[in-house]
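Report on the structure given below.
The values are calculated or read from the model by the stated rules, or taken from the named source; none is laboratory data. Every value quoted in this text rests on a predicted model; they were computed, and no experiment measured them. Note: ideal-geometry Cβ built from the backbone for every residue, glycine included; neighbour counts use all protein chains shown. These accessible areas exclude ligands, DNA and RNA; they are computed on the full protein's heavy atoms, side chains included. Shrake-Rupley method; radii C 1.70, N 1.55, O 1.52, S 1.80 Å.
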Amino acid sequence: MIMSQLTVWSFPTRILFGAGVVGQTGAEARRLGATRALVVTDKGVVRSGLLEPVAASLRGAGLEVAVFDDVLGNPVEKNVHDGVAAFRDARADLVVALGGGSPLDVGKLVRLGVHHDRPLVDYDDATGGDRLITSNVPPMLAIPTTAGTGSEVGRSGVVTLDVNHRKTVIFSPHLLANAALLDPEMTRSMPAFLTAATGFDALTHCLEAYVAKGDHPMADGIALEGIRLAAAHLERAVSHGDDLEARGGMMKAAMMGAVAFQKGLGACHSLAHPLSSECGLHHGLANALCLPAVVEFNVAAAAPRLARVAALLGAPEDAAACAEAVRALRARVGLAAGLEKAGVPAGKLDALADLAAQDACHTCNPRPCSRDDLRRLYEASFAG
(Lines give C-alpha, C1' and ligand atoms only; values in the text may rest on other atoms or scores of the structure.)
Protein backbone atom coordinates (compact mmCIF):
# COMPACT_ATOMS: atom_id res chain seq x y z
CA MET A 1 0.00 0.00 0.00
CA ILE A 2 1.37 3.43 -0.92
CA MET A 3 1.37 5.82 2.03
CA SER A 4 -0.01 9.32 1.45
CA GLN A 5 1.82 12.44 2.56
CA LEU A 6 2.12 12.77 6.35
CA THR A 7 -0.60 14.85 7.98
CA VAL A 8 -1.20 15.76 11.63
CA TRP A 9 -4.68 15.84 13.19
CA SER A 10 -5.25 17.42 16.59
CA PHE A 11 -8.31 18.45 18.66
CA PRO A 12 -7.04 19.18 22.16
CA THR A 13 -9.07 22.09 23.54
CA ARG A 14 -11.00 21.65 26.79
CA ILE A 15 -14.51 23.01 26.11
CA LEU A 16 -17.26 23.77 28.63
CA PHE A 17 -20.66 24.33 27.02
CA GLY A 18 -24.05 25.33 28.39
CA ALA A 19 -26.23 28.19 29.58
CA GLY A 20 -24.66 29.67 32.71
CA VAL A 21 -21.31 27.99 32.24
CA VAL A 22 -19.57 31.39 32.47
CA GLY A 23 -20.04 30.99 36.22
CA GLN A 24 -17.28 28.36 36.06
CA THR A 25 -14.65 30.92 34.96
CA GLY A 26 -13.19 31.26 38.44
CA ALA A 27 -13.01 27.51 38.98
CA GLU A 28 -11.25 27.07 35.62
CA ALA A 29 -8.79 29.82 36.52
CA ARG A 30 -8.04 28.11 39.83
CA ARG A 31 -7.59 24.78 38.03
CA LEU A 32 -4.79 26.48 36.11
CA GLY A 33 -3.20 27.74 39.32
CA ALA A 34 -3.82 31.41 38.53
CA THR A 35 -4.04 34.20 41.10
CA ARG A 36 -4.23 37.39 38.97
CA ALA A 37 -6.21 37.62 35.75
CA LEU A 38 -6.10 40.17 32.95
CA VAL A 39 -9.41 40.25 31.09
CA VAL A 40 -8.77 41.23 27.45
CA THR A 41 -11.95 42.60 25.89
CA ASP A 42 -13.45 45.62 24.13
CA LYS A 43 -15.53 48.55 25.27
CA GLY A 44 -18.70 47.19 23.67
CA VAL A 45 -18.51 44.05 25.79
CA VAL A 46 -18.01 46.17 28.90
CA ARG A 47 -20.97 48.43 28.04
CA SER A 48 -23.20 45.41 27.45
CA GLY A 49 -22.59 44.14 30.99
CA LEU A 50 -20.99 40.89 29.85
CA LEU A 51 -17.80 41.57 31.79
CA GLU A 52 -19.63 41.53 35.12
CA PRO A 53 -20.39 37.79 35.48
CA VAL A 54 -16.86 36.92 34.37
CA ALA A 55 -15.21 39.28 36.83
CA ALA A 56 -17.57 38.18 39.60
CA SER A 57 -16.71 34.52 39.04
CA LEU A 58 -12.99 35.25 39.05
CA ARG A 59 -13.18 37.37 42.20
CA GLY A 60 -15.42 34.78 43.84
CA ALA A 61 -12.62 32.26 43.33
CA GLY A 62 -10.14 34.60 45.00
CA LEU A 63 -8.41 36.05 41.94
CA GLU A 64 -7.42 39.68 41.48
CA VAL A 65 -8.88 41.07 38.22
CA ALA A 66 -7.55 43.74 35.88
CA VAL A 67 -9.24 44.74 32.63
CA PHE A 68 -7.78 45.78 29.26
CA ASP A 69 -10.64 46.90 27.02
CA ASP A 70 -8.89 48.81 24.21
CA VAL A 71 -9.25 46.15 21.51
CA LEU A 72 -10.53 47.47 18.17
CA GLY A 73 -13.05 45.68 15.96
CA ASN A 74 -10.25 45.04 13.46
CA PRO A 75 -7.26 44.68 15.80
CA VAL A 76 -4.02 46.53 15.11
CA GLU A 77 -0.55 45.91 16.44
CA LYS A 78 -0.85 48.63 19.10
CA ASN A 79 -3.70 46.69 20.74
CA VAL A 80 -1.34 43.77 21.31
CA HIS A 81 1.53 45.87 22.68
CA ASP A 82 -0.81 47.79 24.99
CA GLY A 83 -2.31 44.52 26.20
CA VAL A 84 1.13 43.10 27.01
CA ALA A 85 1.92 46.25 28.99
CA ALA A 86 -1.38 45.89 30.89
CA PHE A 87 -0.58 42.24 31.67
CA ARG A 88 2.79 43.20 33.11
CA ASP A 89 1.42 46.19 35.03
CA ALA A 90 -1.18 43.93 36.66
CA ARG A 91 1.48 41.28 37.43
CA ALA A 92 -1.05 38.89 35.91
CA ASP A 93 -0.53 35.16 35.47
CA LEU A 94 -3.63 34.44 33.37
CA VAL A 95 -5.28 35.93 30.29
CA VAL A 96 -9.07 35.76 30.13
CA ALA A 97 -10.07 36.71 26.58
CA LEU A 98 -13.70 37.83 26.47
CA GLY A 99 -15.62 38.95 23.39
CA GLY A 100 -15.85 38.31 19.68
CA GLY A 101 -12.99 37.22 17.48
CA SER A 102 -11.01 40.41 17.97
CA PRO A 103 -10.55 40.23 21.78
CA LEU A 104 -10.00 36.48 21.56
CA ASP A 105 -7.29 36.92 18.92
CA VAL A 106 -5.65 39.78 20.81
CA GLY A 107 -5.75 37.73 24.00
CA LYS A 108 -3.69 35.01 22.29
CA LEU A 109 -1.19 37.52 20.97
CA VAL A 110 -0.91 39.23 24.35
CA ARG A 111 0.11 35.92 25.89
CA LEU A 112 2.59 35.48 23.04
CA GLY A 113 4.12 38.90 23.69
CA VAL A 114 4.67 38.34 27.39
CA HIS A 115 7.74 36.13 26.82
CA HIS A 116 8.40 36.49 23.05
CA ASP A 117 10.31 39.66 22.23
CA ARG A 118 10.61 39.63 18.42
CA PRO A 119 8.60 42.02 16.26
CA LEU A 120 5.17 40.53 15.57
CA VAL A 121 5.89 40.35 11.84
CA ASP A 122 8.54 37.71 12.57
CA TYR A 123 5.78 35.34 13.71
CA ASP A 124 3.77 35.64 10.47
CA ASP A 125 2.55 32.14 9.62
CA ALA A 126 2.92 32.83 5.89
CA THR A 127 6.69 33.15 6.34
CA GLY A 128 7.16 30.23 8.73
CA GLY A 129 7.01 32.34 11.87
CA ASP A 130 5.32 29.53 13.80
CA ARG A 131 8.74 27.93 14.30
CA LEU A 132 9.69 30.85 16.58
CA ILE A 133 6.73 30.37 18.96
CA THR A 134 7.47 28.27 22.03
CA SER A 135 5.33 26.91 24.87
CA ASN A 136 6.55 29.74 27.13
CA VAL A 137 3.20 31.55 27.26
CA PRO A 138 0.90 32.23 30.23
CA PRO A 139 -2.36 30.26 30.40
CA MET A 140 -5.55 31.58 28.85
CA LEU A 141 -9.30 31.11 29.15
CA ALA A 142 -11.46 32.05 26.14
CA ILE A 143 -15.08 33.18 26.50
CA PRO A 144 -16.83 34.08 23.23
CA THR A 145 -19.68 36.59 23.17
CA THR A 146 -20.38 36.08 19.47
CA ALA A 147 -20.83 32.94 17.37
CA GLY A 148 -18.59 33.42 14.36
CA THR A 149 -14.83 33.16 14.40
CA GLY A 150 -14.53 30.17 16.70
CA SER A 151 -11.32 31.78 17.87
CA GLU A 152 -11.93 30.30 21.31
CA VAL A 153 -10.73 26.93 20.00
CA GLY A 154 -8.39 28.21 17.30
CA ARG A 155 -4.62 28.34 17.39
CA SER A 156 -4.16 31.63 15.56
CA GLY A 157 -4.51 35.35 16.09
CA VAL A 158 -5.15 37.81 13.27
CA VAL A 159 -3.87 41.38 13.52
CA THR A 160 -3.07 44.22 11.12
CA LEU A 161 0.64 44.92 11.43
CA ASP A 162 2.31 48.33 11.31
CA VAL A 163 5.07 47.23 8.94
CA ASN A 164 2.82 46.15 6.07
CA HIS A 165 -0.72 47.30 6.99
CA ARG A 166 -1.90 43.78 6.21
CA LYS A 167 -4.07 41.43 8.21
CA THR A 168 -1.55 38.84 9.35
CA VAL A 169 -2.14 35.36 10.76
CA ILE A 170 0.08 34.32 13.67
CA PHE A 171 -0.36 30.60 14.23
CA SER A 172 0.86 28.02 16.72
CA PRO A 173 -0.62 25.17 18.78
CA HIS A 174 0.97 26.93 21.74
CA LEU A 175 -1.62 29.71 21.34
CA LEU A 176 -4.59 27.40 21.96
CA ALA A 177 -6.65 28.44 24.98
CA ASN A 178 -6.32 26.13 27.96
CA ALA A 179 -10.11 26.07 28.15
CA ALA A 180 -13.02 27.62 26.27
CA LEU A 181 -16.31 28.44 28.00
CA LEU A 182 -19.23 28.54 25.54
CA ASP A 183 -22.27 30.06 27.20
CA PRO A 184 -25.27 30.84 24.94
CA GLU A 185 -26.40 33.42 27.51
CA MET A 186 -23.36 35.50 26.55
CA THR A 187 -24.58 35.82 22.93
CA ARG A 188 -28.28 36.54 23.42
CA SER A 189 -27.83 40.34 23.40
CA MET A 190 -26.14 40.34 19.99
CA PRO A 191 -28.11 42.51 17.55
CA ALA A 192 -29.53 40.92 14.41
CA PHE A 193 -26.86 42.27 12.04
CA LEU A 194 -23.99 41.03 14.21
CA THR A 195 -25.69 37.67 14.67
CA ALA A 196 -26.04 37.33 10.89
CA ALA A 197 -22.53 38.51 10.05
CA THR A 198 -20.79 36.38 12.65
CA GLY A 199 -22.98 33.43 11.71
CA PHE A 200 -21.88 33.76 8.10
CA ASP A 201 -18.29 33.77 9.29
CA ALA A 202 -18.92 30.42 10.97
CA LEU A 203 -20.59 29.05 7.85
CA THR A 204 -17.72 30.26 5.65
CA HIS A 205 -15.15 28.60 7.90
CA CYS A 206 -16.99 25.29 7.68
CA LEU A 207 -17.59 25.49 3.92
CA GLU A 208 -14.08 26.58 2.99
CA ALA A 209 -12.50 23.99 5.28
CA TYR A 210 -14.63 21.23 3.79
CA VAL A 211 -13.61 21.98 0.20
CA ALA A 212 -9.99 22.95 1.00
CA LYS A 213 -7.14 20.94 -0.44
CA GLY A 214 -5.68 18.22 1.73
CA ASP A 215 -6.59 15.04 3.57
CA HIS A 216 -8.28 15.60 6.92
CA PRO A 217 -11.31 13.33 7.40
CA MET A 218 -12.00 14.53 10.96
CA ALA A 219 -12.00 18.17 9.86
CA ASP A 220 -14.27 17.28 6.95
CA GLY A 221 -16.79 15.57 9.23
CA ILE A 222 -16.77 18.43 11.71
CA ALA A 223 -17.16 20.98 8.91
CA LEU A 224 -20.22 19.18 7.55
CA GLU A 225 -21.88 19.12 10.96
CA GLY A 226 -21.03 22.80 11.41
CA ILE A 227 -22.75 23.60 8.10
CA ARG A 228 -25.80 21.59 9.17
CA LEU A 229 -25.96 23.45 12.49
CA ALA A 230 -25.64 26.84 10.81
CA ALA A 231 -28.36 25.97 8.30
CA ALA A 232 -30.64 24.85 11.13
CA HIS A 233 -30.04 27.68 13.57
CA LEU A 234 -28.79 30.90 11.94
CA GLU A 235 -32.13 32.30 10.83
CA ARG A 236 -33.71 31.56 14.22
CA ALA A 237 -30.82 33.18 16.07
CA VAL A 238 -31.18 36.30 13.92
CA SER A 239 -34.95 36.62 14.22
CA HIS A 240 -35.35 35.33 17.81
CA GLY A 241 -32.33 36.47 19.78
CA ASP A 242 -33.61 34.96 23.05
CA ASP A 243 -33.77 31.46 21.55
CA LEU A 244 -30.98 29.82 23.53
CA GLU A 245 -31.19 26.60 21.51
CA ALA A 246 -30.50 28.57 18.32
CA ARG A 247 -27.80 30.63 20.05
CA GLY A 248 -26.19 27.45 21.32
CA GLY A 249 -26.41 25.82 17.91
CA MET A 250 -24.56 28.75 16.37
CA MET A 251 -21.91 28.67 19.10
CA LYS A 252 -21.33 25.01 18.26
CA ALA A 253 -21.17 25.80 14.53
CA ALA A 254 -18.64 28.57 15.13
CA MET A 255 -16.48 26.38 17.35
CA MET A 256 -16.62 23.53 14.85
CA GLY A 257 -15.67 25.84 11.98
CA ALA A 258 -12.52 26.91 13.78
CA VAL A 259 -11.62 23.30 14.55
CA ALA A 260 -12.24 22.34 10.92
CA PHE A 261 -10.16 25.09 9.37
CA GLN A 262 -6.94 23.65 10.74
CA LYS A 263 -7.26 21.84 7.39
CA GLY A 264 -7.14 25.20 5.59
CA LEU A 265 -9.44 27.93 4.30
CA GLY A 266 -9.69 29.37 0.81
CA ALA A 267 -10.05 32.28 -1.56
CA CYS A 268 -13.00 33.81 0.28
CA HIS A 269 -10.87 34.55 3.31
CA SER A 270 -8.08 36.00 1.17
CA LEU A 271 -10.66 38.36 -0.31
CA ALA A 272 -12.23 39.18 3.06
CA HIS A 273 -9.09 40.06 5.00
CA PRO A 274 -8.19 43.17 2.94
CA LEU A 275 -11.83 44.26 2.96
CA SER A 276 -11.56 44.50 6.74
CA SER A 277 -8.11 46.05 7.00
CA GLU A 278 -8.52 48.51 4.10
CA CYS A 279 -12.26 49.24 4.04
CA GLY A 280 -13.32 48.57 7.63
CA LEU A 281 -15.86 45.86 6.77
CA HIS A 282 -16.88 43.44 9.48
CA HIS A 283 -15.03 40.21 8.73
CA GLY A 284 -18.18 38.09 8.70
CA LEU A 285 -19.94 40.51 6.36
CA ALA A 286 -16.91 40.50 4.05
CA ASN A 287 -17.09 36.72 3.89
CA ALA A 288 -20.83 36.79 3.23
CA LEU A 289 -20.36 39.22 0.35
CA CYS A 290 -17.62 37.18 -1.34
CA LEU A 291 -18.61 33.58 -0.63
CA PRO A 292 -21.11 33.03 -3.50
CA ALA A 293 -18.62 34.11 -6.16
CA VAL A 294 -15.92 31.90 -4.67
CA VAL A 295 -18.30 28.93 -4.54
CA GLU A 296 -19.09 29.42 -8.24
CA PHE A 297 -15.36 29.68 -9.01
CA ASN A 298 -14.70 26.40 -7.17
CA VAL A 299 -17.42 24.27 -8.79
CA ALA A 300 -14.99 22.98 -11.43
CA ALA A 301 -12.61 21.71 -8.74
CA ALA A 302 -14.92 20.63 -5.91
CA ALA A 303 -18.30 19.72 -7.41
CA PRO A 304 -19.11 16.61 -5.30
CA ARG A 305 -18.41 18.44 -2.05
CA LEU A 306 -20.26 21.59 -3.05
CA ALA A 307 -23.23 19.45 -4.04
CA ARG A 308 -23.29 18.04 -0.51
CA VAL A 309 -23.12 21.55 0.95
CA ALA A 310 -26.01 22.65 -1.27
CA ALA A 311 -28.16 19.82 0.10
CA LEU A 312 -27.33 20.79 3.69
CA LEU A 313 -28.45 24.34 2.87
CA GLY A 314 -31.81 23.07 1.63
CA ALA A 315 -31.11 23.17 -2.13
CA PRO A 316 -30.94 20.29 -4.62
CA GLU A 317 -27.81 18.17 -4.21
CA ASP A 318 -26.11 19.86 -7.13
CA ALA A 319 -22.91 21.90 -7.02
CA ALA A 320 -24.41 24.43 -9.40
CA ALA A 321 -27.11 25.17 -6.79
CA CYS A 322 -24.71 25.86 -3.94
CA ALA A 323 -23.88 29.51 -4.64
CA GLU A 324 -27.55 30.43 -4.99
CA ALA A 325 -28.32 28.62 -1.73
CA VAL A 326 -25.68 30.74 -0.02
CA ARG A 327 -27.14 33.91 -1.56
CA ALA A 328 -30.63 32.92 -0.46
CA LEU A 329 -29.54 32.34 3.14
CA ARG A 330 -27.67 35.64 3.11
CA ALA A 331 -30.84 37.42 2.02
CA ARG A 332 -33.00 35.64 4.60
CA VAL A 333 -30.77 36.82 7.46
CA GLY A 334 -30.87 40.40 6.19
CA LEU A 335 -27.33 40.89 4.89
CA ALA A 336 -27.01 43.21 1.90
CA ALA A 337 -25.71 41.76 -1.37
CA GLY A 338 -22.70 43.29 -3.05
CA LEU A 339 -19.51 45.09 -2.12
CA GLU A 340 -20.87 48.24 -3.72
CA LYS A 341 -23.78 48.41 -1.27
CA ALA A 342 -21.32 47.83 1.57
CA GLY A 343 -19.46 50.99 0.56
CA VAL A 344 -16.40 49.47 -1.10
CA PRO A 345 -15.17 51.87 -3.84
CA ALA A 346 -14.70 50.29 -7.26
CA GLY A 347 -11.41 52.16 -7.55
CA LYS A 348 -9.93 50.11 -4.71
CA LEU A 349 -10.37 46.69 -6.31
CA ASP A 350 -6.89 46.60 -7.84
CA ALA A 351 -5.20 47.42 -4.54
CA LEU A 352 -7.43 44.94 -2.73
CA ALA A 353 -6.52 42.22 -5.25
CA ASP A 354 -2.82 42.87 -4.65
CA LEU A 355 -3.34 42.34 -0.91
CA ALA A 356 -5.56 39.30 -1.41
CA ALA A 357 -2.84 37.67 -3.52
CA GLN A 358 -0.41 38.10 -0.61
CA ASP A 359 -2.81 36.43 1.83
CA ALA A 360 -1.95 32.78 2.44
CA CYS A 361 -5.51 31.46 2.77
CA HIS A 362 -6.07 31.06 -0.97
CA THR A 363 -3.17 28.60 -1.20
CA CYS A 364 -5.53 25.95 0.23
CA ASN A 365 -8.37 26.80 -2.16
CA PRO A 366 -9.39 23.73 -4.20
CA ARG A 367 -8.91 25.66 -7.43
CA PRO A 368 -5.65 27.64 -7.78
CA CYS A 369 -6.08 31.43 -7.68
CA SER A 370 -3.91 33.96 -9.45
CA ARG A 371 -3.94 37.61 -8.56
CA ASP A 372 -6.12 38.23 -11.63
CA ASP A 373 -8.53 35.50 -10.50
CA LEU A 374 -8.89 37.25 -7.16
CA ARG A 375 -9.49 40.57 -8.93
CA ARG A 376 -12.26 38.95 -10.97
CA LEU A 377 -13.78 37.47 -7.81
CA TYR A 378 -13.95 40.96 -6.32
CA GLU A 379 -15.68 42.12 -9.50
CA ALA A 380 -18.14 39.24 -9.30
CA SER A 381 -18.86 40.17 -5.69
CA PHE A 382 -19.26 43.87 -6.38
CA ALA A 383 -22.90 43.82 -7.42
CA GLY A 384 -23.84 40.76 -5.39
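Structural remarks
- Pick from region 138-168, criterion touching a Leu at 6+ places or on another chain (Cβ under 8 Å) and β-branched (Val, Ile, Thr), ranking: nearest to residue 354 (Cα to Cα): 168
- Residues in region 12-45 that are among the hydroxyl-bearing types (Ser, Thr, Tyr) and either touching a Lys or Arg at 6+ places or on another chain (Cβ under 8 Å) or open to solvent by 20 Å² or more (accessible area, probe 1.4 Å) (or both): 13, 35.
- Selection status of residue 112, closer than 25 Å to residue 26 by Cβ and touching a residue at least 12 places away in the same chain (Cβ under 8 Å): yes
- The condition of being among the β-branched types (Val, Ile, Thr), at negative phi, assigned to a helix (DSSP H, G or I) and touching a residue at least 40 places away in the same chain (Cβ under 8 Å) does not hold for residue 96.
- Across region 301-319, the qualifying residues are those that are in contact (Cβ under 8 Å) with a residue 40 or more places away in the chain and open to solvent by 20 Å² or more (accessible area, probe 1.4 Å), and the one among them that is farthest from residue 213 (Cα to Cα) is 314.
- Any pair with Cβ under 7 angstrom, 6 or more apart, that starts in region 55-73 at a residue that is modelled with pLDDT under 95 and ends at one that is surrounded by 21 or more Cβ atoms within 10 Å (Cβ to Cβ) and part of a helix (DSSP H, G or I): 72/79; 72/102; 73/102
- Residue that is nearest to the chain's Cα centre (by Cα) [pool: residues in region 152-202 that are among the charged types (D, E, K, R) and either open to solvent by 10 Å² or more (accessible area, probe 1.4 Å) or under 20 Å from residue 25 (Cβ atoms) (or both)]: 152
- Extreme residue, farthest from residue 61 (Cα to Cα), among residues of region 82-117 that are of a type in the set (D, E, K, R) and in contact with an Asp or Glu (Cβ under 9 Å, 6 or more places away or on another chain): 82
- Taken over region 234-248, the criterion of being open to solvent by 50 Å² or more (accessible area, probe 1.4 Å), in a loop (DSSP other than H, G, I, E, B) and not acidic (Asp, Glu) is satisfied by 240 alone.
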